[in-house]
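Down below is the structure, laid out as structure tokens.
The values are calculated or read from the model by the stated rules, or taken from the named source; none is laboratory data. Quick caveat, the model's predicted, so the values are computed rather than measured. All Cβ positions, even for glycine, are placed from backbone atoms using ideal geometry, and neighbour counts span all protein chains on display. Heavy atoms of the whole protein, side chains included, go into the accessibility calculation; ligands, DNA and RNA do not. Shrake-Rupley method; radii C 1.70, N 1.55, O 1.52, S 1.80 Å.
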Amino acid sequence: MQVTQQRYYTPEEYLELEEAADYKSEYIDGQIIPMAGGTLNHNQIALNLSTDLNFAFKRQNYRVYMGDVRLWIAQKRTYTYPDVMILADEPEYFNNRRDIIVNPQIIVEVLSKSTKGYDREDKFQAYRTISTFQEYLLIDQTRIRVDQFSKIGKKQWTLREYDEEDEAIALVTVPFEISLQDLYNKVKFEPVESEGESTDVKGLV
């Protein structure tokens, strides 16, 4: 991730620039950082999950947001755009701006090559400062692999890994389950090189 300029921006300057920008950027304690462009796999996975979540919660008091809703993390002075957020109640808006929320319960990130380390470490650390935050999913877009972090106490989190097609992910903090086949539906993985030879394209359809 590259910083646009080595200068300090106020949160207000960032929001003003973001409204006029042709692409989305994150704000991290004074720095504006352009977000990596999405891939077809990234979009398909986020869409598959959001569609199933929205259907499952259509008569329940949960909210599902995908991609374009900005999150303010006060303790880290950070604005970011999680791939998917789930709220257990009504959204709480920052400074009465209806495009910025502060109270996600579950956050999902679809990993990319350029940001997967940041998503696993610094961003997860920032998310953990949010009082309502209880669960974190990291979804690999290059293979079948999901890491599920669940909060079990103060400064205590558990990890469960999923990497087989016949498994299903059950969220811990809300009543929802999705199979890995449905999560990766229509996702096409890149060919994998093995001992100097290319294998066929893998995917779930």
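What whole-number value in Å² describes the accessible area per residue of segment 38-96 for a 1.4 Å probe?
On the way: 3130 Å² over 59 residues.
I get 53 Å² per residue for segment 38-96.
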Between helix 11-20 and the chain: long-axis angle, C-alpha atoms, 0 to 90°, nearest 10: 60 degrees
Summed side-chain charge close to LEU15 - residues other than LEU15 whose Cβ falls under 10 Å, Lys, Arg +1, Asp, Glu -1: -4
Low-density loop cleavage sites - chymotrypsin sites (Phe, Trp or Tyr not before Pro) in segment 13-42, where at most 14 other Cβ are within 10 Å (DSSP): TYR23
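Taking the Cα centre of the chain as the origin, how large is its charge dipole in debye, to the nearest 20, when only Lys and Arg (+1) and Asp and Glu (-1) carry charge on their Cβ atoms?
Values: 24 positive and 35 negative charges, 147 e Å.
Using only the charged Cβ atoms, the result is roughly 700 debye.
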Cα gyration tensor category, rounded, prolate or oblate, for segment 1-94 with a/c compared to 1.5: oblate
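Out of all DSSP beta bridges in segment 1-148, what portion is antiparallel? Express it as a percent rounded to 5.
Values: 21 of 29 bridges.
Rounded to the nearest five, the antiparallel share is 70 percent.
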Between helix 40-56 and the chain: long-axis angle, C-alpha atoms, 0 to 90°, nearest 10: 80 degrees
Overall form of the chain per C-alpha gyration tensor (a/c, 1.5; a/b vs b/c): oblate
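Can you pull out the GluC sites (Glu not before Pro) in segment 34-124 that DSSP calls coil and that have at most 11 other Cβ atoms within 10 Å? Could the numbers behind the result be given before it?
On the way: sites: GLU92, GLU109, GLU121; in loops: GLU92, GLU121.
Taking segment 34-124 and a limit of 11 other Cβ atoms within 10 Å, the loop GluC sites (Glu not before Pro) found are GLU121.
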Contour excess over end-to-end distance, with Cα ends at THR10 and ARG120 and 0.36 nm allotted per residue: 37.0 nm
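Give me the percent relative contact order of segment 62-205, please, defined on Cα pairs under 8 angstrom at least 6 residues apart. Write down the numbers at each step before the final one.
Numbers: 256 pairs, mean separation 19.9, N = 144.
Relative contact order for segment 62-205 comes out at 14 percent.
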